[in-house]
Amino acid sequence: MLIYPAQVQGDAAPGEVIAGLRYFHQELRHQDLRRGEAVEVIIIARGGGSAEDLAAFNHEGLARTVAESEIPVISAIGHETDFTIMDFVADLRAPTPSAAAELVIRSRQEIEAQAEDLYQRLERAARYRLLMARQELTERAHTERLRA
């Protein structure tokens, strides 16, 4: 997980959020695939506030940058009743920052269960292959004894 700290309120906020989007696009271009790191989604989030507090997310330049993003963007600005222009140009709008996190991060138990299932399937497949190889060797040995 990568975090780009930016102001989310005030005159400097739109520029800082735009800089964060550009940073993640640069990371996408230079990601280290050997370590399995990739920028797969960007969440732009902040808690609720007054219309003035959220005004930065109605900025035209920010809206255009979000709309042009090659990486999917989830807008998680404010709370369920708060809407900004960014919500309408993002790939997805989450009602709260917490909901955005829940959308992209599966629970540890779910991942562990999936890993355990894959391990069991792999183990069954390996046992089957060994059984088939053993059977083939037995048949070949029996055929060789009959020829001799």
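If I ask for residues that are open to solvent by 60 Å² or more (accessible area, probe 1.4 Å) and touching a Lys or Arg at 6+ places or on another chain (Cβ under 9 Å), which ones from the range 4-23 would you list? Correct list: Gln9 only.
One line per residue, one yes/no per condition, for (1) part of a helix (DSSP H, G or I); (2) open to solvent by less than 40 Å² (accessible area, probe 1.4 Å); (3) in contact with a Phe, Trp or Tyr (Cβ under 9 Å, 6 or more places away or on another chain):
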site: Ala56; (1), (2), (3): yes, yes, no
site: Gly61; (1), (2), (3): yes, yes, no
site: Thr65; (1), (2), (3): yes, yes, no
site: Ser98; (1), (2), (3): yes, no, no
site: Arg106; (1), (2), (3): no, no, no
site: Gln109; (1), (2), (3): yes, no, no
site: Ala115; (1), (2), (3): yes, no, no
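State the number of residues belonging to the range 70-96 that are among the hydrophobic types (A, V, I, L, M, F, W, C) and assigned to a helix (DSSP H, G or I).
4
Among the residues of the range 24-33, is any aromatic (Phe, Trp, Tyr) and either open to solvent by 30 Å² or more (accessible area, probe 1.4 Å) or in contact with a helix residue (DSSP H, G or I) (Cβ under 6 Å, 6 or more places away or on another chain) (or both)? No: zero hits.
The values are calculated or read from the model by the stated rules, or taken from the named source; none is laboratory data. These numbers were taken from a predicted model, which means no experiment stands behind them. Note: ideal-geometry Cβ built from the backbone for every residue, glycine included; neighbour counts use all protein chains shown. All accessible areas refer to the heavy atoms of the entire protein, side chains included, with ligands and DNA or RNA removed. Shrake-Rupley method; radii C 1.70, N 1.55, O 1.52, S 1.80 Å.
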